[in-house]
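A quick write-up on the structure given underneath.
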Amino acid sequence: MMELLDQPLLPHVKTLACTYWDTVLERMEPYLGVEELFRTLHESGIRIGVGTDMTAYIQYRKLEELGLAPYVDMVVNSEEAGVEKPDSKFFGLCAEKAGCPAVTPDLCLCVLYFYTLICHLLSP
């Protein structure tokens, strides 16, 4: 966009990116029942982890803004893993951080497309 306006990229794109994410984070809300689900799992001793291709900075801000941060025990992002989902190295790091030994992967549950799952759980 800056190229079309014949403007230098910096500092404009940095300002635009910050404005975009600040706006998204200020306006987003958790889906109905998500905080209760996270709280219930957490209080039941079930550890919750988030695996994401989003940057760590934005993901932590999302968790804070949505009020879910107190219930999340670990975050793995593609920056840390050095690969993106669905690479097995990514999920291996998730299992490692969760404390699931590689020889007993049945101790970990990976929920992909969480939004779809929540919608199905909450649909009448």
ask   = Are any residues in region 1-33 over 22 Å from the mean Cα position of the chain (by Cα) and assigned to a loop (DSSP other than H, G, I, E, B), and if so, which ones?
value = MET1, MET2, GLU3, LEU4, LEU5, ASP6, GLN7, PRO8, LEU9, LEU10, PRO11
inquiry  = Of the residues LEU63, LEU37, only one is part of a helix (DSSP H, G or I) and within 15 Å of the chain's Cα centre (by Cα); which?
reply    = LEU63
inquiry  = I'd like the full set of residues that are surrounded by fewer than 17 Cβ atoms within 10 Å (Cβ to Cβ) and touching a Phe, Trp or Tyr at 6+ places or on another chain (Cβ under 8 Å), limited to region 49-60.
reply    = ILE58
Options GLU64, GLU36, GLU26, GLU3; residue that is closer than 28 Å to LYS89 by Cα, out of contact with any Leu (no Cβ under 6 Å at 6 or more places or on another chain) and of a type in the set (Asp, Glu) = GLU64
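Name the single residue, out of those in region 68-92 being of a type in the set (Gly, Ala, Ser) and in a helix (DSSP H, G or I), that is nearest to MET54 (Cα to Cα).
Taking region 68-92 and keeping what is of a type in the set (Gly, Ala, Ser), we get 69, 78, 81-82, 88, 92.
Keeping just the survivors that are in a helix (DSSP H, G or I) gives 69, 78, 81, 88, 92.
Values: ALA69: 16, SER78: 7, ALA81: 12, SER88: 17, GLY92: 18 Å.
Of everything passing the filter in region 68-92, SER78 is nearest to MET54 (Cα to Cα).
Every number here is computed from the coordinates shown, using simple stated rules; none is lab data. For clarity, every value in this text was computed on a predicted model and none was experimentally measured. Quick reminder, even Gly has a Cβ in these numbers, built from the backbone with ideal geometry, and neighbours come from all protein chains shown.
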